[in-house]
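S.K.: One structure is given below, represented as structure tokens, and several questions about it will come after.
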Amino acid sequence: MNQLLARHALLPDGWARDVHITWDEQGTLTQVRADAATAGVPVAEYVLPGMVNLHSHAFQRALGGLAERAGLGPDSFWTWRDLMYRFAATITPGQIEAIAAQLFVECLRHGYTSLCEFHYIQRDPAGGTYARPAEMAERVAAAAGSTGIGLTLLPVLYSHAGFGAQPLLPKQQRFRTGVDDVLQIVAALEPLRCGQLEVGAAPHSLRAAGIEQIRALVNGLPPGRPLHIHIAEQQGEVDQSIAWSGQRPVEYLLANIDIDARWCLVHATHLTGTETACLAASGAVAGLCPTTEANLGDGLFPLAPYIAAGGAFGIGTDSHVSQSPVEELRWLEYGQRLAGQRRNVAASAAVPDVAQFLWQGALRGGAQAAGRPVGALAVGKRADLLVLDATHVNLDGVDAADVMGRFLFAGNDNLVKDVLAGGQWVVRDGVHIVQNIIASRYTLALHQLREVSR
Ligand SMILES: [Zn+2]
């Protein structure tokens, strides 16, 4: 029988003692019962729900650390994007699968059990269609299957180079899709849908997709599927939007599309007070990627007023300069402390523990953005959980009430010991069950790609 007794488990209402957790062969939780007197069951000390990574471009894992040299002029998001384009120009289906698998192993080892892939390399290097139109997306799905991580695949609508339907540049031809192309890829991916895999769609941004196209995509997608979009990440993008439409990106999107709980607005960095309140009221999730946003010099999301307005949020690793939810959530909070010259920003009267507030908030928003039954230890949800290393000096003997603070805000050791994803133990004692073979495939892919980074 698939079961575990957690001496302390983080349930939706907070910490509970002696929680008997069971799950079925399909990877669904069948019982989560506190104060259980159960003998003969494997015991773990501290158990958390696995985190959702709501924003990933898997192939960008290969770029990490390669764009950190100063150029002649001021560096920005746009200089990083040139390097990304050079990688994207040559990457093969086999290479994207190898890179994605390595990323997924790293994410699992650090506590992400679900991931949303914002997938925009659809075409072959010449800009043609693969014999299987969903070839590249299927490779990402295969990588997820080989590692055990839950996946939400979001094929991207990418038609233009800038506001006002500017024609794509030659280096963007591998990303080129119209609404029909995206819906064709979504249809091709339908047979892969299961407890561990959902399919939605993503207009890349207001730069790359027109408002009529976005409406057509929403209408063409099966109902209830997740929809993600990059928005207002860069001040330059905000300026271009105002010059083109007279409105800021989030203002324009909210005015022209029925934004609701199906949507995840990724970054949403540059918001006015009105936009912040309206986004929170829409029910959509703000998809925050603090380490990537810091790396690219994007700016800081107005977290405090957004939380005060009841806004939903989650975290993503985006460009994968980090694969750790600890670092992502730590910097989400630290950015606010630095900007506001205050402490303990992400909290509420009901949940004053900042680390618990961040973890549970990111679980709720992440689950909503993933469109999968994840993000909580509760019957009917996926069996995704983390066992922390109770023997580590930072956790040994601490009260359950202090575990999340120790986990998120003390040191840099990875305290995730065992990981259950979709009912499978994929990480034991910090080691992923197939990490060596996946690492060797990744290294080979990187050797092949190395020349384009020079
Ligand atoms: Zn992104």
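S.K.: Compute the helix-to-body angle for 325-340: its Cα long axis versus the longest principal axis of the chain, expressed 0 to 90° and rounded to tens.
M.R.: 70
S.K.: State the antiparallel share, in %, of DSSP beta bridges confined to the chain, rounding to the nearest 5.
M.R.: Looking only at bridges with both residues in the chain, the antiparallel portion is about 45 percent.
S.K.: Per residue, how much accessible area does segment 316-419 show when a 1.4 Å probe rolls over the protein heavy atoms, in square angstrom?
M.R.: With the other protein chains kept in place, segment 316-419 gives 38 Å² per residue.
S.K.: Using a probe of 1.4 angstrom, how much of the accessible area of the chain is carbon and sulfur, in percent?
M.R.: 52
S.K.: Please express the shape of segment 275-428 as an equivalent ellipsoid: the semi-axes are the square roots of 5 times the eigenvalues of the C-alpha gyration tensor, given largest first in whole angstrom.
M.R.: Gyration-tensor ellipsoid for segment 275-428: 25, 19, 16 Å.
S.K.: Then there is this: What's the magnitude of the charge dipole for the chain around its Cα centre, counting Lys and Arg as +1 and Asp and Glu as -1 at the beta-carbon? Answer in Debye, nearest 20.
M.R.: Approximately 560 debye in magnitude.
S.K.: Rounded to two decimals, what is the ratio between the C-alpha radius of gyration of segment 1-110 and 2.2 N^0.38 Å?
M.R.: Compared with the compact-globule rule of thumb, segment 1-110 sits at 1.65.
S.K.: Quick one: which residues, 5+ away or cross-chain, put their amide H under 5 Å from the amide H of residue 417? H built at 1.01 Å from N.
M.R.: 387, 388, 389
S.K.: Report for segment 175-312 the percent antiparallel among DSSP-assigned beta bridges with both residues inside it, nearest 5.
M.R.: About 10 percent, rounded to the nearest 5.
S.K.: Tell me, what are the semi-axes, in whole angstrom and largest first, of the equivalent ellipsoid of segment 38-162 as set by the roots of 5 times the Cα gyration tensor eigenvalues?
M.R.: Working from the Cα gyration tensor, I get semi-axes of 32, 20, 12 Å.
S.K.: Just for segment 1-104, what percent of DSSP beta bridges are antiparallel, to the closest 5?
M.R.: Around 75 percent of the beta bridges assigned by DSSP in segment 1-104 are antiparallel ones.
S.K.: Translational diffusion coefficient, Stokes-Einstein: compute it for segment 354-448 using the Kirkwood radius over C-alpha pairs as Rh, at 4 °C and 1.567 mPa s, and state it as an integer in µm² s⁻¹.
M.R.: Translational D for this selection: 84 µm²/s.
S.K.: Right, here's the next one. Accessible area per residue for segment 110-168 in Å², computed with a 1.4 Å probe and the full protein assembly in place, what is it?
M.R.: 27
S.K.: Would you calculate a helix-derived [θ] at 222 nm for the chain, using -39,500 (n - 2.57) for each DSSP H run of n ≥ 4 and dividing by the full residue count, to the nearest 500?
M.R.: -11000 deg cm²/dmol
S.K.: Compute the Rg/Rh shape ratio of segment 178-315: radius of gyration over Kirkwood radius, all on alpha-carbon atoms.
M.R.: A ratio of 0.97.
S.K.: Using alpha carbons only, how many angstrom separate the centre of segment 1-73 from the centre of segment 329-356?
M.R.: Comparing the Cα centres of segment 1-73 and segment 329-356, I get a distance of 22 Å.
S.K.: Another one. Across the Cα atoms of segment 123-179, what radius of gyration and what greatest pairwise Cα-Cα distance (Dmax) are found, in Å?
M.R.: 13.6, 41
S.K.: For Cα pairs less than 8 Å apart in space and 6+ apart in sequence, what is the mean separation divided by the residue count of the chain, i.e. the relative contact order in percent?
M.R.: With pairs under 8 Å counted, the relative contact order is 21 percent.
S.K.: May I pose another question? In sequence order, what are the phi-derived ³J(HN,Hα) couplings for segment 237-250 according to the Karplus relation 6.51 cos²θ - 1.76 cosθ + 1.60 with θ = phi - 60°, rounded to whole Hz, with x for glycine and proline?
M.R.: Rounded to whole hertz, the list is 5, 5, 4, 5, 5, 5, 4, 7, 10, x, 10, 6, x, 5.
S.K.: Amide H to amide H, which residues 5 or more places from residue 28 or on other chains are under 5 Å from it, using H placed in the peptide plane?
M.R.: Amide H neighbours of residue 28, under 5 Å, 5+ apart: 383.
S.K.: Can you give me the P(r) profile for the chain? Cα pairs, bins 10 angstrom wide beginning at 0, each as a whole percent.
M.R.: 4, 22, 33, 26, 12, 3, 0
The values are calculated or read from the model by the stated rules, or taken from the named source; none is laboratory data. Because the structure is predicted, anything quoted here is derived from the model rather than measured. So basically every Cβ, Gly included, is an ideal-geometry build from the backbone, and we count neighbours across all protein chains shown. Just so you know, the surface numbers come from the protein's heavy atoms only, side chains and all, with ligands and any DNA or RNA stripped out. Shrake-Rupley method; radii C 1.70, N 1.55, O 1.52, S 1.80 Å.
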